[in-house]
Ligand SMILES: [Zn+2]
């Protein structure tokens, strides 16, 4: 496989579905950290050790406070030009053609658009929702944004069974949401755009492989592109690259 080349200045997507996979790099300019890597500590504990079913079993209140802290950051953040550009593309070409799949749990696409859900496919859930810790089929609760505080009320349980509520996010060791749908959309796409997520680690790596095998043109937008199975790279942050790219694709520039 040839190494990816820079995206030609006049390139535009072919007719057909556009699959956009976004990751932490998209929300970085909104001030959302990943809690991973050096410095990714909360109350002296590694964040990735708190985002697990085991941590929740061992000390649910500690996990709740961790998510309260993350949610406070998210609710103080605003969408950046990268989010807005992708929503503009989807508004122009329709949700049937532009599929916004995100690994981010910050809900910033929803904040940017309007309270209407389902503009994005959130493969790792959202900090802005809670669900029953006992039965995932029980109704999801969405107190945010709008609640007076970022904190989850620990006294409010599941409306159906009374069990404790947990964040509606996918923890380490859990299966991402909408996996079959996401794979189907990747295979059917004609353009695959990866934004702010490494193209060589799961899940982006597996999805770009599927998209490429299905015949999609695969593009990576990342300040430090990892390459992999992509045809083209745009070596820039999402908030810098996407507004101009979308303008060009929509014929406004
Ligand atoms: Zn329940």
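Miscellaneous remarks
- GNM flexibility winner over the chain from 239, 174, 224 (Cα, springs under 10 Å): 174
- Between 0 and 90°, nearest 10: helix 81-93 axis offset from the chain longest Cα axis: 70 degrees
- Neighbour counts of C-beta atoms inside 10 Å place 165, 7 in the sequence 7, 165, starting with the fewest.
- Among 94, 146, 82, the residue with the largest mean-square fluctuation in a Gaussian network model of the chain, with springs joining Cα atoms closer than 10 Å, is 146.
- Shown here are the Rg and Dmax of the Cα trace of the range 185-241, at 10.2, 29 Å.
- Tilt relative to the chain, helix 204-213 - C-alpha long axis, 0 to 90 degrees, to 10: 40 degrees
- Here the ratio of the Cα radius of gyration of the range 158-253 to 2.2 N^0.38 Å is 1.36.
- Helix 60-75 and the longest principal axis of the Cα set of the chain meet at an angle near 40°.
- Label-reachable residues, the range 45-81, where backbone N falls under 13 Å from a point 7 Å from residue 163's Cα toward its Cβ: 57
- Ratio of the Cα radius of gyration of the chain to 2.2 N^0.38 Å, where N counts its residues: 1.03
- Looking at the chain, the DSSP beta bridges with both ends there are about 25 percent antiparallel.
- Fluctuation leader among 19, 56, 230 - the chain, Gaussian network, Cα springs under 10 angstrom: 56
Readers should treat all values here as calculations from the given coordinates under stated rules, not as data from a laboratory. Quantities reported herein were computed from a predicted structural model and do not represent experimental measurements. Quick reminder, even Gly has a Cβ in these numbers, built from the backbone with ideal geometry, and neighbours come from all protein chains shown.
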